[in-house]
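One structure is given below, encoded as structure tokens.
FYI, it's all coordinate maths here, none of it is from the lab. All values derive from a computational prediction rather than experimental measurement. Every residue, glycine among them, receives a Cβ derived from its backbone with ideal geometry; neighbour counts consider all protein chains shown.
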Amino acid sequence: MSINQHIKPVTTEERENLTIGGCDLTELAKRYGTPLYVIDEATLRGICKEYRQAFKEYKNIKMMYACKALCTSAVIKILDEEGFGFDTVSAGEIYTVFKSGVDMSKVLFNGSNKSAREIELALEYKVGRFSVDNFYEAEMLHRLAGEKGITADILLRITPGIECHTHDYIQTGQTDSKFGFDLSQLDEIISLIRSKYKNLNLKGLHAHIGSQIFEQKSYYDEVGILACQIESIRKKYGIQLEEMNIGGGLGVKYTESDTPPSVEELAKAVTEAMHKYAIEIPTIYLEPGRSIISPAGVTLYTAGSSKRVPNGRKYVALDGGMADNPRPSMYQAQYTAQVVNRLKSKDFETVTLAGRYCESGDILINDINLPKIEAGDIICIYNTGAYNYSMASNYNRVEKPAMVLVNNSQSDIIVYRETLDNLIMYDVIPDRLKK
Ligand code: LLP
């Protein structure tokens, strides 16, 4: 089984207590407080290895971790050690990667509305590739690269026209999408690059068909479309593109009913399509985010108040919620949980785990069967490594949680918990109000 097919980190053990990376979760909660993001290093490194092995037949495969899933310096450092490059979408992500000591030629700058400031920063830091999303950006990148007297190596982001069966908001490859060039616009942009945009060096094509994908076939189709486009560009313009970026998207198992394909099955779909279309692509890029970091992460919460609606549900309120994990309220995402300190309990009931934020929609898990929870119990929600911290907010003026890395019974803080002073540090009271 691939790591993305596990709900829990691979080092999770249920003995007297629940442990991850050899660390007792109640101890972690006590020591660092809750809510607490916990990242298991062995799970993270394990999936990196799976990706490397699954694609080993490709001499030049470039694994680019999609930083948007979780971008903190320690995580970047580990992925750098594991041989990954980085898919970035903002000055903030580029800066984090740069400050983590990464060779910037391994970085790709992606995004549908890059600003001039961000492009300048990316050029200054010498990122390896730009994925050009639209006409406006192509012109701007050409101009800004020219001002610096350099040529930017680019991929063209295309919309391949594949619909994946995933949530509407996280689907990107369908024809009516805000991302990338429509296939009908490819001739125009390629002509512009050849005739006018001399500071752009076209290396290949890029697509991303969506996220939390469960069907290998989608990748097979995507590679087919990219291959056909590359072949047609060769025939029409005599340009042999060397690079194909197939994006990210491999799903993970949040609950028992989720059935994502393994990394090996993903590799098989890509390989079969490459053989079928028989084109020579020296370099293939992958941009996995969720499947790399999600299974490695869990969030610990402390239970507080509870309420039984007469003849209805029982709500148990946790000390976090939609500000540290907006996915349930945004996408109706589902999760699996366990009561850390009641492994031996035989007394179960069905409860709804509610968040602490002032919004009725702030529910983390609806109707889950768990050991009877009392105030002070520690709840572990699994598979929260991706798109939790990275989409966290300070709603209700609550401090963002800390994050710890666990490995071999050791825990290290990798993101400090915000303080009340952090919350007001950017506030300014104009002098005229200070009377
Ligand atoms: N490459 C591109 C161009 C992308 O847009 C994305 C994700 C990825 C790679 C990484 O995809 P992954 O392997 O993580 O599926 N906030 C949503 C997910 C949004 C994904 C956006 N693009 C969620 O929480 O489900």
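Among THR96, ALA227, CYS71, flag the residue with its Cα farthest along the positive direction of the charge dipole of the chain, charges on Cβ as +1 for Lys/Arg and -1 for Asp/Glu.
THR96
So if I place +1 on the C-beta of Lys and Arg and -1 on the C-beta of Asp and Glu, and nothing else carries charge, what would the dipole magnitude of the chain be about its Cα centre? I want it in debye, nearest 20.
On the way: 50 positive and 57 negative charges, 102 e Å.
It works out to roughly 500 debye.
For a Förster distance of 35 Å, can you work out the FRET efficiency between the beta-carbons of CYS358 and ARG117, rounded to the nearest 0.05?
Working: r = 35 Å, r/R0 = 1.01.
With R0 = 35 Å, the Cβ-Cβ based efficiency is 0.50.
Which shape class applies to region 336-419: rounded if a/c is under 1.5, otherwise prolate when a/b exceeds b/c and oblate if not, where a ≥ b ≥ c are the square roots of the Cα gyration tensor eigenvalues? Present the calculation step by step, with values, prior to reporting the outcome.
Numbers: a/c = 2.13, a/b = 1.21, b/c = 1.76.
Note, shape of region 336-419 comes out oblate.
How big is the charge dipole of region 1-153 about its Cα centre, in debye rounded to the nearest 20, if each Lys and Arg gets +1 on its Cβ and each Asp and Glu gets -1 on its Cβ? Intermediate values should be presented prior to the final figure.
Numbers: 20 positive and 23 negative charges, 41 e Å.
Roughly 200 debye for region 1-153.
Considering only THR255, MET425, LEU200, whose Cα is most displaced toward the positive end of the charge dipole of the chain, charges sitting on Cβ of Lys, Arg (+1) and Asp, Glu (-1)?
The one lying farthest along the dipole's positive direction is MET425.
Looking only at SER262, SER131, SER390, which one moves most when the chain is put into a Gaussian network model with springs between Cα atoms under 10 Å?
Its mean-square fluctuation being the largest, the pick is SER390.
Which whole-number percent is the relative contact order of the chain (Cα, under 8 Å, 6+ apart)? Walk me through the numbers on the way to the answer.
On the way: 971 pairs, mean separation 90.5, N = 435.
Averaging sequence separation for qualifying contacts and normalising by length gives 21 percent for the chain.
How far apart, in nanometres, would the label points at THR419 and ASP182 be if each is projected 7 angstrom from Cα along the Cα-to-Cβ direction?
It works out to 5.4 nm between the two label points.
Of the DSSP beta bridges with both residues in the chain, give the percent that are antiparallel, rounding to the nearest 5.
Values: 32 of 69 bridges.
Close to 45 percent.
Hey, rough spin-label estimate for ARG194 and ARG31, points 7 angstrom out along Cα→Cβ, what's it come to in nanometres?
With each label placed 7 Å out from Cα toward Cβ, I get 6.2 nm.
With a cap of 15 neighbouring Cβ atoms within 10 Å, and only residues DSSP puts in a loop, list the GluC sites (Glu not before Pro) found in region 56-138. Don't skip to the end; give the middle numbers.
Details: sites: GLU57, GLU81, GLU82, GLU93, GLU118, GLU120, GLU124, GLU137; in loops: GLU57, GLU82.
Of the GluC sites (Glu not before Pro), the ones in loops of region 56-138 whose Cβ has at most 15 other Cβ atoms within 10 Å are GLU57.
Mind jotting down the distance between the C-alpha centroids of region 1-28 and region 99-141, whole Å?
Taking the Cα centre of region 1-28 as reference, the centre of region 99-141 is 38 Å away.
Based on the Cβ-Cβ distance from ASP347 to SER409, what FRET efficiency comes out when R0 is 30 Å, to the nearest 0.05?
Details: r = 31 Å, r/R0 = 1.02.
The value I calculate is 0.45.
Would you list, by chain and number, the lysines whose Cα falls below 21 Å from the Cα of LYS106, excluding same-chain residues fewer than 8 positions away?
LYS49, LYS56, LYS59, LYS62, LYS68, LYS77, LYS114, LYS126, LYS148, LYS203
Tell me which trypsin sites (Lys or Arg not before Pro) from region 20-114 have a DSSP coil assignment and no more than 10 other beta carbons within 10 Å of their own. Don't jump to the answer; show the numbers that get you there.
On the way: sites: LYS30, ARG31, ARG45, LYS49, ARG52, LYS56, LYS59, LYS62, LYS68, LYS77, LYS99, LYS106, LYS114; in loops: LYS56, LYS59, LYS114.
Here the sparse-neighbourhood loop sites are LYS56, LYS59.
Only four residue types carry charge here, +1 at the Cβ of Lys and Arg and -1 at the Cβ of Asp and Glu. Report the dipole size of region 205-272 about the Cα centre in Debye, rounded to the nearest 20. Mind showing how you got there, number by number?
Working: 6 positive and 11 negative charges, 68 e Å.
Magnitude of the dipole: close to 320 debye.
Rounded, prolate or oblate: which fits region 284-435, taking a ≥ b ≥ c as square roots of the Cα gyration tensor eigenvalues, rounded meaning a/c under 1.5, else prolate when a/b beats b/c?
Values: a/c = 1.78, a/b = 1.24, b/c = 1.43.
In terms of gyration-tensor shape, oblate.
For labels at VAL309 and TYR395 in the simple 7 Å Cα→Cβ model, what's the distance in nm?
1.8 nm
Determine the gain in length on full extension of the stretch TYR426-GLU272; use 0.36 nm per residue of separation and subtract their C-alpha separation, reporting nm with one decimal. Intermediate values should be presented prior to the final figure.
Values: separation 154, 0.36 × 154 = 55.44 nm, distance 5.29 nm.
Result: 50.2 nm gained on full extension.
Specify the residue with the greatest mean-square fluctuation among GLY304, GLY376, GLY149, computed from a Gaussian network of the chain linking alpha-carbon atoms under 10 Å apart.
GLY149
Any aspartates and glutamates with Cα under 15 Å of the LYS268 Cα? List them, leaving off those in the same chain fewer than 8 positions away.
Of all the aspartates and glutamates, those that pass the test against LYS268 - Cα under 15 Å, at least 8 places apart if same chain - are GLU50, GLU57, GLU215, ASP221, GLU222.
Run the helix sum for the chain: -39,500 (n - 2.57) per DSSP H stretch of 4+ residues, divided by residue count, reported at 222 nm to the nearest 500 deg cm²/dmol.
Numbers: 12 runs with 123 residues, N = 435.
Helix-only estimate at 222 nm: -8500 deg cm²/dmol.
Along the charge dipole of region 297-424, Cβ charges K/R +1 and D/E -1, which of THR336, ASN388, ILE413 sits furthest on the positive end?
THR336
With a Förster radius of 41 Å, plug the Cβ-Cβ distance of ASN201 and ASN366 into 1/(1 + (r/R0)^6) and report the FRET value to the nearest 0.05.
Details: r = 51 Å, r/R0 = 1.25.
Step by step, r from the Cβ atoms, then E = 0.20.
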